[in-house]
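The values are calculated or read from the model by the stated rules, or taken from the named source; none is laboratory data. Because the structure is predicted, anything quoted here is derived from the model rather than measured. Methodologically, a virtual Cβ is constructed for each residue, glycine included, from the backbone with ideal geometry; neighbour enumeration extends over all protein chains shown.
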Amino acid sequence: MAVERVSKRYIAGGAPLAALERLDLRVAPGEFVSLLGPSGAGKSTLLNLVAGLETPEEGRVCVEGMEVGRSSGAPPIAYMQQKDLLLPWRTVWDNVLLGPELRSGAERERLSPRARSLLAEFGLEGFAAAWPAELSGGMRQRAALIRTLLCEQPVLLLDEPFGALDAITRGRLQRHLARLWRELNKTVLLVTHDVDEALLLSTRVVLLGGPPGRIEEDLALPPGGPSAAELGPLRAHVLQRLDALTPAAP
Ligand SMILES: Nc1ncnc2c1ncn2[C@@H]1O[C@H](COP(=O)(O)OP(=O)(O)OP(=O)(O)O)[C@@H](O)[C@H]1O
Ligand SMILES: [Mg+2]
């Protein structure tokens, strides 16, 4: 995935706002990159551009050799947005199988057993027939993550996928994601506000400051993840950089 000199501007509150300014980011196939940065730095904007939901004013984005927005067809991406965007008129079961169903009825059939096992693994087995409005925030988030995983795309964009979860469920799903990444060789771009999550799951941690969003640090982590002895100093370093990047409260 290559983001090349990408700029994105909005009108916010009646005034122009530069959300991203000539941002460059490369993620090699099979990498797991976490994006950390203060609220408003442009993390979700960056993911929206990679997914082709927004168009940059300048620069370009390529995914698996396809230029997003120019090549025909959707980029080979599964995107879990910050807002879960479950369809309120479909049950949990029909929501999680949306991606396969859009491909074909046969795909929906093929992935049904996997949907069932993910619902069980994520603690939602009793809720397949429930409507999204009947779920808690954390349950909705788990359903949205299952829907994303069932898209079976090589590139995963995850925007704070564990933000609404309790600590135990969060740990379990982090381990599930780590296993999936190792076993299926996915490329992952994860937005999180949790420094330990970023340090424990990723091959690289990218710190974004802004707006306008710009990369302040691109930190490669030791192969196999930081050791217990390395974790403390890395955590302290990232927290100190994030503190410096976060605007003071008015
Ligand atoms: N659709 C939009 N219209 C206008 N302004 C927008 C839009 N989307 C984002 N912005 C602005 O762009 C900036 C970056 O927003 P973005 O959602 O990318 O931040 P973020 O880093 O994901 O923050 P958070 O951690 O709070 O989710 C913000 O100042 C926001 O107000
Ligand atoms: Mg965001």
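Would region 131-145 turn up any residue that is more than 25 Å from V191 (Cβ to Cβ), in contact (Cβ under 8 Å) with a residue 24 or more places away in the chain and out of contact with any Asp or Glu (no Cβ under 7 Å at 6 or more places or on another chain)? Yes.
Residues in region 33-49 include at least one that is under 28 Å from A244 (Cβ atoms) and away from ligand 2 (no atom under 14 Å from the Cβ). Hey, does region 218-241 have a residue that's in the same structural domain as V33 (by TED's automatic domain parsing), of a type in the set (A, V, I, L, M) and within 14 Å of ligand 1 (Cβ to nearest atom)? Checking region 218-241: not a single residue is in the same structural domain as V33 (by TED's automatic domain parsing), of a type in the set (A, V, I, L, M) and within 14 Å of ligand 1 (Cβ to nearest atom). Just one of the listed residues (R241, R182, R170) is surrounded by 15 or more Cβ atoms within 10 Å (Cβ to Cβ) and farther than 24 Å from V6 by Cα, namely R170.
Taking K83, is it of a type in the set (D, E, K, R) and in contact with a Ser or Thr (Cβ under 9 Å, 6 or more places away or on another chain)? It is false that K83 is of a type in the set (D, E, K, R) and in contact with a Ser or Thr (Cβ under 9 Å, 6 or more places away or on another chain).
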